[in-house]
Amino acid sequence: MKKIVFVVLLLLISVGAVEKISARSLQSTEETFEADEQELSIKQAIELAYPPALKWNENAQLLQAINIDLDQPGKSIGSNGKRKYWNILFGVPDTNKAFLVTIHEGKIDHTSDLTRNGSSPYPKKEFIQMEDIKYDSPELLEKALKIGGIYPGKDWAKGYDFMLIKDAERNMDLIIVIGWNSDQTEMKAAGFNATTGEYIQPSS
């Protein structure tokens, strides 16, 4: 699990760089949420992001989803398993094609074509199928809190953070709940099988 936390750190740090990428905005009013609907669970964020990804490429599939650390410091951030800001990454299996959908305050803010050059395509085993995601971030946050040892971040990686990735080695869709230890000196994470809800024991 230490490796997963390190990956989360890199992703949160890289958010600023991703935000600077030139992108085209979507103007659909159907993607706009009211003020009380700004917070989305990880599944809601993915479902919102999927249509523009399919418009980009009809063969687009999900690679990963992670919330963005843009909220102002507060005690309740992510405490209901939902966040306002998300990055949802899609790709096309066995190609270098990638597409990022960024959600701000519950609506699609912009999209970016991140297709890369080279000979290292995204393998099929790294993609996530929506029908395999049976659990969502609110219920998995509750499970993580029952396990204990995870507290909301105060200043950086604020509140509770959520990430969905593919554990290709174990062929498992993994939803990770990220927080901190009680004295805010170390990030803590709890992983769950997105299909079964099973807690994934942290690796040493």
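Overview of results
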quantity: Flag for E139 being farther than 17 Å from I200 by Cα, within 18 Å of the chain's Cα centre (by Cα) and charged (D, E, K, R); calculated: no
quantity: Conditions (1) under 17 Å from the mean Cα position of the chain (by Cα); (2) free of Cβ contacts under 8 Å to residues at least 40 places away in the same chain; number of the one not met by Y151; calculated: (1)
quantity: Per-region count, region 112-161, residues farther than 22 Å from L70 by Cα and of a type in the set (G, A, S); calculated: 6
quantity: Residue in region 86-98 that is exposed (fewer than 15 other Cβ atoms within 10 Å of the Cβ) and either within 16 Å of the chain's Cα centre (by Cα) or more than 19 Å from S41 (Cα to Cα) (or both) present; calculated: yes
quantity: In region 169-204, residue nearest to Q129 (Cα to Cα) [restricted to those that are in contact with a Pro (Cβ under 9 Å, 6 or more places away or on another chain) and open to solvent by less than 10 Å² (accessible area, probe 1.4 Å)]; calculated: G191
quantity: Selection count, region 191-204, where residues are of a type in the set (A, V, I, L, M, F, W, C) and at pLDDT below 95; calculated: 1
quantity: Out of K146, K166, K158, sole residue that is over 14 Å from the mean Cα position of the chain (by Cα) and either closer than 21 Å to P52 by Cβ or open to solvent by 20 Å² or more (accessible area, probe 1.4 Å) (or both); calculated: K146
quantity: Meets criteria (more than 20 Å from A190 (Cβ to Cβ) and assigned to a strand (DSSP E or B)) for L70; calculated: no
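The values are calculated or read from the model by the stated rules, or taken from the named source; none is laboratory data. This structure is a prediction, so every number in the text was calculated from the model and none was measured. All Cβ positions, glycine included, derive from the backbone under ideal geometry; neighbour counts span all protein chains shown. All accessible areas refer to the heavy atoms of the entire protein, side chains included, with ligands and DNA or RNA removed. Shrake-Rupley method; radii C 1.70, N 1.55, O 1.52, S 1.80 Å.
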